[in-house]
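Participant: Supplied in structure tokens, the structure appears directly below.
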Amino acid sequence: MTPPPILRNTLLAAALPVLGGCSGYLLQAAAGQAEILRARRPVAEVMADPATDPAVRMRLQEAGAALDFAHRELALPDNGSYRQYAELGRPHVVWNVFAAPEFSLDLQTWCFPVAGCVGYRGYFAEDAARGFAAGLAAEGRDVLVAGAAAYSTLGWFRDPLLSTFIGRKGADVPALVFHELAHQRVYIAGDTQFSESFATLVEQEGMLRWLAARGEDRLACRYLASLEREAQVQALLAGTRGRLRRIYAGTDDEAARRAAKEREFAALRAAYAGLRASWSGPPDFDAWFNGTLNNAALGAAAAYDGLVGTLRVILDSEGGDLPAFYRRIERLARLDRAERTAALAQITSRSDPPAAARCRADPG
């Protein structure tokens, strides 16, 4: 099934800032976006090409069905995106750099035209991303470099299907299509958590409806089980963030806070190992916990779905009517950030999708 958001990192990439400015960073973003535009070929042409790998042809067919479903059943934009395919010849389309101070969980932000202020910088070349991250680390920051399979240009260009995600197994391709199209429906410049939480909820709801329409009850329950496991992991991360905030706000000297920080991250790994031992099935989170684990990683994880449960309550209050839900979200998007935060704070978050209880009772 689709990897959880904290592993997937399908963030809005650095392509958007190319709409303004001329710094070296923006130039690499412009060149990277131009490369993708040049590589695009109509999906119909790729599928008809006898040289196309049969596995790629099958994934493109599935993506086309998911795209039709997204337009017809999820009321997501139909603007020509994902009707083309681009072979990039690399494992990720961009590499995102996250950074946070040594004693803070607040991500460093960078501000750009259109995209607003975001808690990462995206690079189309891994060595450039790692070079930038090394400079931040040398200044004493915690850093994370994470490859992304996809991103959205929010309708500025006709985004293509990419080789970086079309070859994935299971439900990854439909999930990514739903997620990225959701960014084209609603995106708030400068509010990464809201924008990503919205896209993640639409992805989850889209996947449940997609699997139900195909009669894939067992896969739907397995998908819900993966979301429940993700919620358990997020609870571990939330607990660690709370303890670290208290450590960072304390009056101990830097050496003592640094040692306490190291103990917290060691305890987090141990807690995950205990949780993991209670599960059966694929080790969805192992790579994340075995990789870089620091303030930047915790901040990046928090950016994805901190508001998913709250937004699900809004969707439920509209009886699952997605167009009505989108209108509610668009009204929230028009508020300034303080007003939006206050409005969302009045809503009690929901921990899981409504079908989860049925699957727990009858896992199929």
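Participant: Among A128, A149, which is the only one that is out of contact with any helix residue (DSSP H, G or I) (no Cβ under 6 Å at 6 or more places or on another chain) and closer than 17 Å to W95 by Cβ? Walk me through how you get there before you give the answer.
Facilitator: Details: A149 fails: out of contact with any helix residue (DSSP H, G or I) (no Cβ under 6 Å at 6 or more places or on another chain).
The unique qualifying residue is A128.
For every residue, the table says whether it meets (1) modelled with pLDDT under 95; (2) part of a helix (DSSP H, G or I); (3) in contact with a Phe, Trp or Tyr (Cβ under 9 Å, 6 or more places away or on another chain).
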| residue | (1), (2), (3) |
| --- | --- |
| F103 | no, no, yes |
| Q108 | yes, no, yes |
| G140 | no, no, no |
| G147 | yes, no, yes |
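Participant: Only one of these is in contact (Cβ under 8 Å) with a residue 60 or more places away in the chain, assigned to a helix (DSSP H, G or I) and basic (K, R): R257, R331. Name it.
Facilitator: R257
Participant: Looking for whichever is of a type outside the set (G, A, S), in contact (Cβ under 8 Å) with a residue 40 or more places away in the chain and under 30 Å from E254 (Cβ atoms) here; the options are N96, N79. Which one fits?
Facilitator: Details: N79 fails: under 30 Å from E254 (Cβ atoms).
It is N96.
Participant: Considering only segment 175-211, how many residues are in a helix (DSSP H, G or I), modelled with pLDDT of 90 or more and β-branched (V, I, T)?
Facilitator: Of the residues in that region, 3 qualify.
Participant: Considering R276, R214, R243, which residue is at pLDDT 90 or above, in contact with a helix residue (DSSP H, G or I) (Cβ under 6 Å, 6 or more places away or on another chain) and surrounded by fewer than 19 Cβ atoms within 10 Å (Cβ to Cβ)?
Facilitator: The unique qualifying residue is R243.
Participant: Would you call A70 modelled with pLDDT of 90 or more, outside any helix (DSSP H, G or I) and either within 25 Å of A199 (Cα to Cα) or aromatic (F, W, Y) (or both)? I'd like the intermediate steps shown before the answer.
Facilitator: Numbers: modelled with pLDDT of 90 or more: yes; outside any helix (DSSP H, G or I): no; either within 25 Å of A199 (Cα to Cα) or aromatic (F, W, Y) (or both): yes.
Considered against the rule, which asks whether it is modelled with pLDDT of 90 or more, outside any helix (DSSP H, G or I) and either within 25 Å of A199 (Cα to Cα) or aromatic (F, W, Y) (or both), A70 comes out as no.
Rundown of residues vs (1) modelled with pLDDT of 95 or more; (2) within 20 Å of the chain's Cα centre (by Cα); (3) buried (at least 17 other Cβ atoms within 10 Å of the Cβ); (4) not acidic (D, E), yes/no style:
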position: R312; (1), (2), (3), (4): no, yes, yes, yes
position: E318; (1), (2), (3), (4): yes, no, no, no
position: P323; (1), (2), (3), (4): yes, no, no, yes
position: L332; (1), (2), (3), (4): yes, no, yes, yes
position: Q346; (1), (2), (3), (4): no, no, no, yes
position: S351; (1), (2), (3), (4): no, yes, no, yes
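Residues are listed down the side, and each one gets a yes or a no for (1) without any contact (Cβ under 8 Å) to a residue 60 or more places away in the chain; (2) part of a helix (DSSP H, G or I):
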residue: D252; (1), (2): yes, no
residue: K261; (1), (2): no, yes
residue: A266; (1), (2): yes, yes
residue: A296; (1), (2): no, yes
residue: A300; (1), (2): no, yes
residue: A303; (1), (2): no, yes
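Participant: Please find, within segment 246-255, the residue that is surrounded by the fewest Cβ atoms within 10 Å (Cβ to Cβ) out of those that are over 16 Å from D106 (Cβ atoms) and not aliphatic (A, V, I, L, M).
Facilitator: T251
The values are calculated or read from the model by the stated rules, or taken from the named source; none is laboratory data. Model, not experiment: these values are computed from the prediction. Here the Cβ is made from the backbone with ideal geometry for all residues, glycine too, and neighbour counts use every protein chain on show.
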